[in-house]
Amino acid sequence: MGIAKFMGVMAMMITKREYLYFCVGALVFFFFSFILFKQVPPTKNHMDIDSGAYVQAANFLLRDGSFAILKTQPYYGLGYPLFLAACKKISGDSLACIIVIQVLLAWFITLLIWRIALLLFNRRAAWIAYALALTHIGLLVFAQLLLTEILLTFLLSLAVERLLTFILSQRSSALVGTGFALGLSCVVKSVALLFLLPLTVFVVVISWDHQWLKHVFLLLVTFFLPYGAYAFHNHLMFEQHERSSMVKINLFYWFYPRLRAEIYGTNSYDEQRYMQRNVSFKEAQEMLIRDVCTYPNKAALALVKNWTKTLFGLYTSNIKLLVDNAYVAGCLSFFSLQGSLVKRLCEYVCGNTEHTWIKALGFFEALQLLIRYVLLLFGFAWLVYKRRWMELFFIVMYLGYFVGISGHDGCARFRMMIDMIVLPLAAGGWASLRILCCVRKKRAI
């Protein structure tokens, strides 16, 4: 049945009119990107608070031919500095050319979203998803910033598309693409590293004709080809190359200060500075375990707040960071604002910017986000109605993992890792509602 569905999807060839739609969509996306590019003041230089480390590492690589000057393996992945170095080499260190490459990569993500929606639903849903992706604020703004998000999202989107193709076709080549894309994504940012374990179990479950051993072998080999080479490089290059420090920093540098702020009614940034200056990792571990056991409700509240930031934070805040000279990252958190719920929402959307178009865009994004989540539920319901159990299980597993792993420090940036699934689900929900309305009209006649 799965193979028949897949062949049916592949049989629907793209028409000339649809190629025209893709081209028009590209022009729209590039036009919006150009308009946003022109709004960025020269002083901003398309940099976020984290961008400096990536740019510096890329410059080291171009100058020395290696990352040896870093001495120890950095907290961030070296995949994006490698990408930046390649872009700089191609463009002659032109910032505009680097942004153009990232915008092109962002448009490729919209094509993958179209494909994912087609695999999950139908052609109508695919075009709705494409339209939603073209107006996605995150894709537009992160293509303008020297951050990992666009490259990471592209690789994760490719991994998702290949895995869904494998579910429908059982083709080994699709699984090879999944493993390779996921391995490369961990070179950029190792957030998907632990996802390999549930994904391996999933591949075992869905494999047919007793080929699970072959499929697991292909997945693991293609994953560890890029990631293993990266780990081996770090082992040879750096004096310290463990990845365990990532977990320690996430727990003790990001999550624990937020827990202390909940316990003592203080500011998480002040708690973060206190932890850095006065507490060792060993002491922090003991303190964290003690406080979680003593205040389990506070710990749960800190997690819920971080997940809320991930799911409902606005990408418009990143546009403020990109465009407004007075805006500083992290200075406008919804949970730190005072007043009624409506007042806090308005301040969160409109605060720290004098640009009317950014305020209007913020309200548009907030409304679009809420509608998207409502439509997502209908998309889930349609997949249940169609008994697409394997696809459903994978989607729930993927969303659960990538939302859950952001519990240490919620941020809208982390939602980029799940939007390539959220958009197709919302589009499928929209398409299913249209089908339901048509059926009701026919019955009424």
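The values are calculated or read from the model by the stated rules, or taken from the named source; none is laboratory data. All values reported here derive from a predicted model rather than from experimental measurement. Positions of Cβ are backbone-derived with ideal geometry, glycine not excepted, and every protein chain shown enters the neighbour counts.
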Scan the range 181-198 and report the pairs whose first residue is more than 9 Å from Pro226 (Cβ to Cβ) and in the same structural domain as Tyr80 (by TED's automatic domain parsing) and whose second residue is at pLDDT below 95 and in a loop (DSSP other than H, G, I, E, B), with Cβ atoms within less than 8 Å and a gap of 6+ or a chain change. Val188/Gly77; Lys189/Tyr76; Lys189/Gly77; Ser190/Gly77; Ser190/Arg243; Leu193/Arg243
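Quick check: is even one residue across the range 405-414 modelled with pLDDT of 95 or more, assigned to a helix (DSSP H, G or I), closer than 30 Å to Gln144 by Cα and not charged (D, E, K, R)?
Residues of the range 405-414 modelled with pLDDT of 95 or more: none.
So far as the range 405-414 goes, no, none of its residues is modelled with pLDDT of 95 or more, assigned to a helix (DSSP H, G or I), closer than 30 Å to Gln144 by Cα and not charged (D, E, K, R).
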Residue in the range 227-240 that is hydrophobic (A, V, I, L, M, F, W, C), farther than 19 Å from Ala57 by Cβ, in a helix (DSSP H, G or I) and without any contact (Cβ under 8 Å) to a residue 60 or more places away in the chain present: no
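Go through the range 111-151 and report how many residues are aromatic (Phe, Trp, Tyr) and touching a Gly at 6+ places or on another chain (Cβ under 8 Å).
So in the range 111-151, the residues aromatic (Phe, Trp, Tyr) come out as 114, 121, 127, 130, 142.
Filter once more, keeping what is touching a Gly at 6+ places or on another chain (Cβ under 8 Å): 121, 130.
Matching residues across the range 111-151 total 2.
May I ask you to say which residue of Ile421, Ile371 is in contact (Cβ under 8 Å) with a residue 60 or more places away in the chain, assigned by TED's automatic domain parsing to the domain that holds Lys189 and assigned to a helix (DSSP H, G or I)? Quick ask: steps written out before the conclusion?
Details: Ile371 fails: in contact (Cβ under 8 Å) with a residue 60 or more places away in the chain.
Going through Ile421, Ile371 in turn, just one is in contact (Cβ under 8 Å) with a residue 60 or more places away in the chain, assigned by TED's automatic domain parsing to the domain that holds Lys189 and assigned to a helix (DSSP H, G or I): Ile421.
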Filtered residues of the range 185-198 (kept if surrounded by fewer than 23 Cβ atoms within 10 Å (Cβ to Cβ) and touching a Phe, Trp or Tyr at 6+ places or on another chain (Cβ under 9 Å)): Val187, Lys189, Ser190, Val191, Leu193, Leu194, Phe195, Leu196, Pro198
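Find the helices (runs of 4 or more DSSP H) located wholly in the range 86-179 whose residues include 1 or more that are touching a helix residue (DSSP H, G or I) at 6+ places or on another chain (Cβ under 8 Å) and basic (Lys, Arg), and list them. Full working, then the answer.
On the way: elements: 95-120, 123-134, 137-142, 149-169.
Filter on the range 86-179 gives 95-120, 123-134, 149-169.
Which residue, of Leu95, Leu84, Leu27, is assigned by TED's automatic domain parsing to the domain that holds Arg171, modelled with pLDDT under 95 and among the aliphatic types (A, V, I, L, M)? Spell out how you get there, then give the answer.
Working: Leu84 fails: modelled with pLDDT under 95; Leu27 fails: modelled with pLDDT under 95.
Exactly one of Leu95, Leu84, Leu27 is assigned by TED's automatic domain parsing to the domain that holds Arg171, modelled with pLDDT under 95 and among the aliphatic types (A, V, I, L, M), namely Leu95.
Suppose we keep only residues that are surrounded by 17 or more Cβ atoms within 10 Å (Cβ to Cβ) and either of a type in the set (S, T, N, Q) or within 18 Å of Gly400 (Cα to Cα) (or both) within the range 201-211. Which one would you say is modelled with the lowest pLDDT?
Keep residues of the range 201-211 that are surrounded by 17 or more Cβ atoms within 10 Å (Cβ to Cβ), which gives 202-203, 206-207.
If we keep only those that are either of a type in the set (S, T, N, Q) or within 18 Å of Gly400 (Cα to Cα) (or both) too, we end up with 202-203, 207.
Working: Phe202: 95, Val203: 94, Ser207: 83.
This residue is Ser207.
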Which numbered condition Ser91 misses (of (1) in contact (Cβ under 8 Å) with a residue 60 or more places away in the chain; (2) farther than 30 Å from Leu433 by Cα; (3) polar (S, T, N, Q)): (1)
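If we scan the range 236-245, do we find a residue that is farther than 18 Å from Tyr75 by Cβ, basic (Lys, Arg) and touching a helix residue (DSSP H, G or I) at 6+ places or on another chain (Cβ under 8 Å)? Steps first, please.
To start, the set of residues in the range 236-245 that are farther than 18 Å from Tyr75 by Cβ comprises 236.
From the residues that got through so far, the ones that are basic (Lys, Arg) too are none.
No; the residues of the range 236-245 include none that is farther than 18 Å from Tyr75 by Cβ, basic (Lys, Arg) and touching a helix residue (DSSP H, G or I) at 6+ places or on another chain (Cβ under 8 Å).
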Would you pick out the residues in the range 180-216 that are assigned to a helix (DSSP H, G or I), in contact with a Lys or Arg (Cβ under 8 Å, 6 or more places away or on another chain) and among the hydrophobic types (A, V, I, L, M, F, W, C)? Ala181
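Quick one: is Tyr54 out of contact with any strand residue (DSSP E or B) (no Cβ under 6 Å at 6 or more places or on another chain), within 30 Å of Lys248 (Cβ to Cβ), at pLDDT 90 or above and surrounded by 14 or more Cβ atoms within 10 Å (Cβ to Cβ)?
yes
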Scanning the range 20-46 for residues that are part of a loop (DSSP other than H, G, I, E, B) and in contact (Cβ under 8 Å) with a residue 12 or more places away in the chain, the one nearest to the chain's Cα centre (by Cα) turns out to be His46
Residue among Ala85, Ala125 that alone is crowded, with 18+ Cβ neighbours inside 10 Å and over 23 Å from Ser66 (Cα atoms): Ala125
Restricting attention to the range 421-445, the residues that are among the aliphatic types (A, V, I, L, M) and modelled with pLDDT under 95 number exactly 7
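Here's the yes/no breakdown for (1) over 20 Å from Leu311 (Cβ atoms); (2) of a type outside the set (S, T, N, Q); (3) more than 22 Å from the chain's Cα centre (by Cα):
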{"position": "Ile358", "(1), (2), (3)": "yes, yes, yes"}
{"position": "Leu369", "(1), (2), (3)": "no, yes, no"}
{"position": "Val384", "(1), (2), (3)": "yes, yes, yes"}
{"position": "Arg388", "(1), (2), (3)": "yes, yes, yes"}
{"position": "Glu391", "(1), (2), (3)": "yes, yes, no"}
Failed condition for Ile49, given (1) touching a residue at least 24 places away in the same chain (Cβ under 8 Å); (2) part of a helix (DSSP H, G or I); (3) of a type in the set (A, V, I, L, M, F, W, C): (2)
Scanning the range 381-415 for residues that are buried (at least 18 other Cβ atoms within 10 Å of the Cβ) and among the aromatic types (Phe, Trp, Tyr) gives Trp382, Phe394, Tyr398, Tyr401, Phe402, Phe414
If you check Trp357 against the conditions, is it surrounded by fewer than 19 Cβ atoms within 10 Å (Cβ to Cβ), at negative phi, outside any loop (DSSP other than H, G, I, E, B) and not assigned by TED's automatic domain parsing to the domain that holds Leu433? no
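Report yes if some residue within the range 246-256 is at pLDDT 85 or above, surrounded by 15 or more Cβ atoms within 10 Å (Cβ to Cβ) and not hydrophobic (A, V, I, L, M, F, W, C); otherwise report no.
From the range 246-256, those at pLDDT 85 or above are 255-256; that's our starting set.
Next, from what is left, pick out any that are surrounded by 15 or more Cβ atoms within 10 Å (Cβ to Cβ): 255-256.
This time we only want the ones that are not hydrophobic (A, V, I, L, M, F, W, C), so: 256.
The answer is yes, given that some residue of the range 246-256 is at pLDDT 85 or above, surrounded by 15 or more Cβ atoms within 10 Å (Cβ to Cβ) and not hydrophobic (A, V, I, L, M, F, W, C).
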